[in-house]
Amino acid sequence: MEDTGRPMGDAGSSENVLVDEDDTPEFIDMNDAVEVKVDDDDVPMEEDDDDEQVEGNYENGTMEHEGAVAGAQAQDAPVIDMSRFQLDSHTDSVYAVAAFVENGQVAILSGGGDDKAFQYKISTDSTTVPPTPVVQNLPYQHTDTVSSVAFNLAHVGEDLKKTPRLAAVGSYDGSIIVYDPDTGTQRLKLEGPSDVEWISFHPKGGSVLLAGSGDGTLWMFHIPLNRCLQVFVGHEQAVTAGAFSPDGKWALSASADGTLRIWAPKTGLNKHVFRLGEAGLTCMATKGGSDGMLVMVGSEDGQAHVCHIGNKKVVASLRHFDPPAGTGGAMGSGVDEDEEEMEYPMSVEAVGFSPSQSNWCATGGVDGKLKIWDLARDGQCRQVCSPPTTTEDGTADSITRLQWHPSLPLVFTSSVSGAVRLWDARNGNLVHTLTGGSEQVNDMDIQFFPTGAAVILTASDDKKVRVFELDVNTVMQSVFTPAATAIMP
């Protein structure tokens, strides 16, 4: 696709991007910004100017909880696949997965290196044991990897004309295809970015979509109007992560250029730049702190930075990885310049804030470690959670994704070995391990039920989407107690 370097038509000019007030999500007035107090020792950063079916994998009727599995299986033993279902529609690595649960059904989106996207539906109250997943090959023919998928179903309102139910698929071919999640039919095609690195829906109604591109631009689309509202220009390298602020009043973006930026959606102006070093930023988490205004980004240099988007201060810089002594603290720098350069597993690949403990956050790195931090104690590291073994080739079992439990001090992590682990953030203990394939998990999404059950979705290099089920309450009560009744028959 031709890289236009500008919004579609004249959408980039501020006088042409406004739409009717009834059809546009409510954004903040610049004069209404409220500052929140942060430690005075934190120095603010410099501001810028203002109907096919697949069979499920189900051997024992319910997931067996064998206690806290002490890491990966022995290297000479086959890996036990503990997933409830293996969805194997893809013919290449699966890079993206998203899920949503409603009305007794789990809806799943996936995208992969085969340039395809699929939607699955699995009943959670079926009389069939096990229920049979139904898969739809979403019709648009992409010409490059499907890199990102998302539902807006958690954000829709009662007026489905203004806030329609949507499923979106982004690809490295530069296209974003929007589908009806109930039927799988294509609604429209959005174009503009040279490629699509990630997509994220607006939290107020889900009718506006934000997309980051490898060309350094950030795009905002109003889906009911099929219009590009804004293109945000300022990053010098790929926009690797982003989202709207929890209140929907700002657009946030992290880049390989080492900056985190705050944008005004109505005007397209860059309201602030956090310059966080020369290393690229890899990931982002929002909704941190008691006011929900903290944003955290992970970096390739082994650090994570926590920033307050209200008062524009860096609250903490967390050193996840410390290079060995004598290396000068730099990737690839050795004691002797004549020696072969050594590369250390530095990059922070996953970050997240605890919903139940407002001052806690977590970082997951290429070094295989999960670290729990306390922002109320100047970013003190509370716990270091390390898997008991390395991968078959002797390298660290790098973490690829992490997700906190919504109400308990627990963290789920996925890894390059294919394992999903559950950690207790209070003491750093490994509570449970779910094993599947032996290849890297590229993406993970988890849906939680009021009963305490969790459905974990993983997208892996072995061309499969796996669906795991775990009764978290049962595991926490006694890791040796069999699981309670499965939520999916």
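The values are calculated or read from the model by the stated rules, or taken from the named source; none is laboratory data. The model shown is predicted, which means the values in this text are computed figures rather than measured ones. We place every Cβ from the backbone using ideal geometry, glycine too, and count neighbours over all the protein chains shown. Protein only, heavy atoms only, side chains kept; ligands, DNA and RNA dropped before computing areas. Shrake-Rupley method; radii C 1.70, N 1.55, O 1.52, S 1.80 Å.
As for region 308-320, it holds no residue that is open to solvent by 10 Å² or more (accessible area, probe 1.4 Å) and within 17 Å of the chain's Cα centre (by Cα).
I'm trying to understand the selection: among the residues of region 425-453, which are open to solvent by less than 10 Å² (accessible area, probe 1.4 Å), closer than 25 Å to ARG382 by Cα and not β-branched (Val, Ile, Thr)? Of everything in region 425-453, those that are open to solvent by less than 10 Å² (accessible area, probe 1.4 Å), closer than 25 Å to ARG382 by Cα and not β-branched (Val, Ile, Thr) turn out to be ALA425, HIS432, LEU434.
Against the test of being modelled with pLDDT of 95 or more, among the aliphatic types (A, V, I, L, M), in contact with a Gly (Cβ under 9 Å, 6 or more places away or on another chain) and not in a strand (DSSP E or B), the options ALA254, ALA211, ALA279 yield a single qualifying residue, ALA279. For region 252-296, a residue qualifies if it is among the β-branched types (Val, Ile, Thr), within 15 Å of VAL314 (Cα to Cα) and open to solvent by 20 Å² or more (accessible area, probe 1.4 Å), and exactly one does: THR286.
Check region 185-192 and report whether any residue there is modelled with pLDDT of 95 or more and open to solvent by less than 10 Å² (accessible area, probe 1.4 Å). Yes - at least one qualifying residue is present in region 185-192.
Of the residues examined, GLN105 is not one that is surrounded by fewer than 19 Cβ atoms within 10 Å (Cβ to Cβ), at pLDDT below 50 and polar (S, T, N, Q). Condition first: polar (S, T, N, Q), under 23 Å from LEU434 (Cβ atoms) and either touching a helix residue (DSSP H, G or I) at 6+ places or on another chain (Cβ under 7 Å) or at pLDDT 95 or above (or both). Can you find one or more residues in region 380-390 that meet it? The answer is yes, given that some residue of region 380-390 is polar (S, T, N, Q), under 23 Å from LEU434 (Cβ atoms) and either touching a helix residue (DSSP H, G or I) at 6+ places or on another chain (Cβ under 7 Å) or at pLDDT 95 or above (or both).
Kindly check whether there is at least one residue in region 200-207 that is in contact with a helix residue (DSSP H, G or I) (Cβ under 7 Å, 6 or more places away or on another chain), closer than 22 Å to HIS308 by Cβ and surrounded by fewer than 19 Cβ atoms within 10 Å (Cβ to Cβ). Checked region 200-207: no residue is in contact with a helix residue (DSSP H, G or I) (Cβ under 7 Å, 6 or more places away or on another chain), closer than 22 Å to HIS308 by Cβ and surrounded by fewer than 19 Cβ atoms within 10 Å (Cβ to Cβ).
I want to confirm something. Restricting to region 127-173 and keeping residues that are touching a Leu at 6+ places or on another chain (Cβ under 9 Å) and open to solvent by 10 Å² or more (accessible area, probe 1.4 Å), which single residue is nearest to ASN226 (Cα to Cα)? Of everything passing the filter in region 127-173, ARG165 is nearest to ASN226 (Cα to Cα).
Beta carbons closer than 6 Å, at least 6 apart along the sequence or on distinct chains, pair a first residue in region 290-318 that is on the phi > 0 side of the Ramachandran plot with a second that is buried (at least 24 other Cβ atoms within 10 Å of the Cβ) and in a loop (DSSP other than H, G, I, E, B) for GLY302/HIS320.
Residues that are β-branched (Val, Ile, Thr): find the strands (runs of 3 or more DSSP E) completely inside region 352-407 holding 2 or more of those. Even if it seems obvious, please write down each step before you answer.
Details: elements: 360-365, 370-374, 380-385, 399-404.
Of the strands (runs of 3 or more DSSP E) lying wholly inside region 352-407, those with at least 2 residues that are β-branched (Val, Ile, Thr) span 399-404.
On inspection, TYR179 does not qualify as open to solvent by 10 Å² or more (accessible area, probe 1.4 Å) and either polar (S, T, N, Q) or closer than 25 Å to ALA117 by Cβ (or both). When ASP215, ASP301 are checked against the criterion of being under 21 Å from the mean Cα position of the chain (by Cα), open to solvent by 10 Å² or more (accessible area, probe 1.4 Å) and over 16 Å from GLU349 (Cα atoms), ASP215 stands alone in meeting it.
Among residues that are touching a strand residue (DSSP E or B) at 6+ places or on another chain (Cβ under 7 Å) and closer than 22 Å to ALA362 by Cβ, SER290 is not included.
When you go through GLY258, GLY248 one by one, which is the residue that is in contact with a strand residue (DSSP E or B) (Cβ under 8 Å, 6 or more places away or on another chain) and of a type in the set (Gly, Ala, Ser)? Full working, then the answer.
Working: GLY248 fails: in contact with a strand residue (DSSP E or B) (Cβ under 8 Å, 6 or more places away or on another chain).
Only one candidate passes the filter, namely GLY258.
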